[in-house]
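**Q** Can you read through this structure? Questions will come right after.
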Amino acid sequence: MVLKLRALQPVRGRTSSASTSGAVMGSEGAPALFTWEEVQRHNTREERWLVIHRKVYDITRFCKIHPGGTRVISHYSGQDATDPFTAFHIDKDLVHKRLKCLLIGELSPGEPSIEPSKNAAMVEDFRSLRSTVERMGLLKPNKLFFFGVLIHIILLDVVAWATLYYGGTSLIPILICGLILGTVQAQAGWLQHDFGHLSVFSQSKWNHVVQKFVIGHLKGAPASWWNHMHFQHHAKPNCFRMDPDINMHPLFFALGKKLSVELGIKKKKYMPYNHQHKYFFLIGPPALIPLYFQWYVFYFAVQRKQWLDLAWMISFYVRFGLCYIPLLGVGGTISMFILVRFLESNWFVWVTQMNHIPMNIDYDQNKEWLSTQFPQRVWGPVVRCLSAQVGTQLRGTTAFNIRTRIELSGAVWSMGVAVYSNILLLQIFYKPKEQKTDTESRTNKTVIMVICPWQKNVVYLKFYISCMDQICNIFVNMP
């Protein structure tokens, strides 16, 4: 990796004239100095810069071999990545050594350490809180706890098999076995999640090894796929085109107030969004894992050439077949597998989407790390105190919020369509006569006679357009 990083060292002088002058070190080895505005301009496929602890790094080529994935680091191009860097890396000294060859300068002395667009008090207080939590030892994991969770998952797996082996293959033992196996799959998912976040061992290697065993052998999915998706989710939660967890917008659902209005105004419709709170129960919780994840994880492992992950996955299916084909036959084993995936899917979707659908979904606004990570959870008194101090509302959510918010998004989409249609007709009406086509002239008469005969007065026209715009803004800014 060291050799690769040296090979990817930024080439001086290949940037624009503004950045080239800054990218060349001074004659006495002084670091190049940049402003936040210069950093923010380097947010393209051709050039990607980011800031960590006031140091400016060129990650244009390094992002392609970034161990956490290309996208997760690219999402912070042109931005301050100090807080996500701290959150994602457990051996920061080692990573800083690897970053030296990517260093191209630092922020000018007159530049603030925190981006001007962010709440400086919130950022500083959160960093102080994190230091306090670390000194209190609250981030030190209890390895015995995680070992106990792993053992109880394996024991449940054995109990599920023993239920059929000793209880027979009638309906009741089969249902009990399915419920236990569904619980195994869900709990194994949460366990591998913690290892994937490098939260248990002090060395990344051992976290990855256990994660591959849990998600690969106990669940039949590739660790590389989960990390690729989940790291992006935590890097930019609920940011459209960055967080894969909300990729069902707009193909299946209209999500978020602003995005829904945008779809409506553009008159885009892939599904009957005004009924999405009803069909969510059909294509959401019960179908995500059995109908989508089940085949996509194999495609991902093969397409990305993750052969070790694929081997772990195959070991799961071989073990499952060897355990249940002698008891249920091939058809019965397949049916059991589908039942387990169905139960796991409902469990997984309801839990995870409570952190998405009820929350704000929008394009990336480059907000403070605290405001992007914490609003979807209820924390202890220390964090609630910080929340009150910096004016951030931390809210808990329930499964009932999902239906309410997804119904609201569908209604907002319908409003967007209505606003667009009315404004389009009024624009035709208001267009000078010499610029109108024959079709528009006929449409103008229809508008006057049927829809709004009182709008012949230009003052009324402007007032109506203003009202439609205000209605749209009200829906976008709804809590």
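**Q** Is it the case that the stretch 74-83 has a residue that's out of contact with any helix residue (DSSP H, G or I) (no Cβ under 7 Å at 6 or more places or on another chain), open to solvent by 70 Å² or more (accessible area, probe 1.4 Å) and hydrophobic (A, V, I, L, M, F, W, C)?
**A** No, the stretch 74-83 contains no residue that is out of contact with any helix residue (DSSP H, G or I) (no Cβ under 7 Å at 6 or more places or on another chain), open to solvent by 70 Å² or more (accessible area, probe 1.4 Å) and hydrophobic (A, V, I, L, M, F, W, C).
**Q** Residue under question is LYS143, and the condition is that it be surrounded by fewer than 15 Cβ atoms within 10 Å (Cβ to Cβ) and among the basic types (Lys, Arg); does it hold?
**A** Judged against the criteria, LYS143 is a match.
**Q** Could you check the stretch 125-149 and list, in sequence order, the residues that are part of a helix (DSSP H, G or I) and either at pLDDT 90 or above or hydrophobic (A, V, I, L, M, F, W, C) (or both)?
**A** PHE126, LEU129, VAL133, LYS143, LEU144, PHE145, PHE146, PHE147, GLY148, VAL149
**Q** If you take the residues of the stretch 159-182 that are among the polar types (S, T, N, Q) and free of Cβ contacts under 8 Å to residues at least 60 places away in the same chain, which of them is least open to solvent (accessible area, probe 1.4 Å)? I'd like the intermediate steps shown before the answer.
**A** Of the residues in the stretch 159-182, the ones among the polar types (S, T, N, Q) are 163, 169-170.
Checking which are free of Cβ contacts under 8 Å to residues at least 60 places away in the same chain leaves us with 163, 170.
Values: THR163: 32, SER170: 65 Å².
Looking at residues that are among the polar types (S, T, N, Q) and free of Cβ contacts under 8 Å to residues at least 60 places away in the same chain, I get THR163.
**Q** Answer yes or no as to whether ARG405 is open to solvent by less than 30 Å² (accessible area, probe 1.4 Å), in a helix (DSSP H, G or I) and at pLDDT 60 or above.
**A** So ARG405 does not fit the description; no.
**Q** Please count how many residues of the stretch 100-124 are without any contact (Cβ under 8 Å) to a residue 24 or more places away in the chain and assigned to a helix (DSSP H, G or I).
**A** Going through the stretch 100-124 one residue at a time, the tally reaches 3.
**Q** Whether any residue in the stretch 151-163 is in a helix (DSSP H, G or I), modelled with pLDDT of 90 or more and under 28 Å from the mean Cα position of the chain (by Cα) is what I want to check.
**A** yes
**Q** Which one is surrounded by the fewest Cβ atoms within 10 Å (Cβ to Cβ) among residues in the stretch 98-130 that are over 23 Å from HIS42 (Cα atoms) and out of contact with any helix residue (DSSP H, G or I) (no Cβ under 8 Å at 6 or more places or on another chain)?
**A** Applying the filter and picking the extreme gives SER128.
**Q** Now for a separate question. Of the conditions (1) assigned to a helix (DSSP H, G or I); (2) among the charged types (D, E, K, R); (3) touching a residue at least 60 places away in the same chain (Cβ under 8 Å), LYS97 clears all except one; give me its number.
**A** Only one criterion in (1) assigned to a helix (DSSP H, G or I); (2) among the charged types (D, E, K, R); (3) touching a residue at least 60 places away in the same chain (Cβ under 8 Å) is unmet by LYS97, namely (3).
**Q** Hey, among the residues in the stretch 41-71 that are over 25 Å from PRO112 (Cβ atoms) and hydrophobic (A, V, I, L, M, F, W, C), which one's least open to solvent (accessible area, probe 1.4 Å)?
**A** CYS63
**Q** Please indicate, with yes or no, whether at least one residue in the stretch 207-220 is touching a Gly at 6+ places or on another chain (Cβ under 9 Å) and not in a helix (DSSP H, G or I).
**A** Yes: one or more hits.
**Q** Among (1) within 26 Å of TYR317 (Cβ to Cβ); (2) open to solvent by 10 Å² or more (accessible area, probe 1.4 Å); (3) outside any helix (DSSP H, G or I), where does LEU198 come up short?
**A** Only one criterion in (1) within 26 Å of TYR317 (Cβ to Cβ); (2) open to solvent by 10 Å² or more (accessible area, probe 1.4 Å); (3) outside any helix (DSSP H, G or I) is unmet by LEU198, namely (1).
**Q** Okay, moving on. Please specify each residue of the stretch 264-287 satisfying the condition of being of a type in the set (A, V, I, L, M) and open to solvent by less than 50 Å² (accessible area, probe 1.4 Å).
**A** Result: ALA287, single match.
**Q** One residue is enough: does the stretch 303-319 have a residue meeting the conditions among the basic types (Lys, Arg), on the phi > 0 side of the Ramachandran plot and not in a helix (DSSP H, G or I)?
**A** There is at least one residue in the stretch 303-319 that is among the basic types (Lys, Arg), on the phi > 0 side of the Ramachandran plot and not in a helix (DSSP H, G or I).
**Q** Ok, one more. Across the stretch 238-263, which residue is modelled with the highest pLDDT among those that are open to solvent by 20 Å² or more (accessible area, probe 1.4 Å) and touching a strand residue (DSSP E or B) at 6+ places or on another chain (Cβ under 7 Å)?
**A** Checking each candidate, the answer is PHE240.
The values are calculated or read from the model by the stated rules, or taken from the named source; none is laboratory data. Just so it is clear, the model here is predicted, and its values are computed rather than measured. A quick note on method: Cβ atoms are made from the backbone with ideal geometry, for glycine too, and the neighbour counts reach across all protein chains shown. Only protein heavy atoms, including side chains, enter the accessible area calculation; ligands, DNA and RNA are left aside. Shrake-Rupley method; radii C 1.70, N 1.55, O 1.52, S 1.80 Å.
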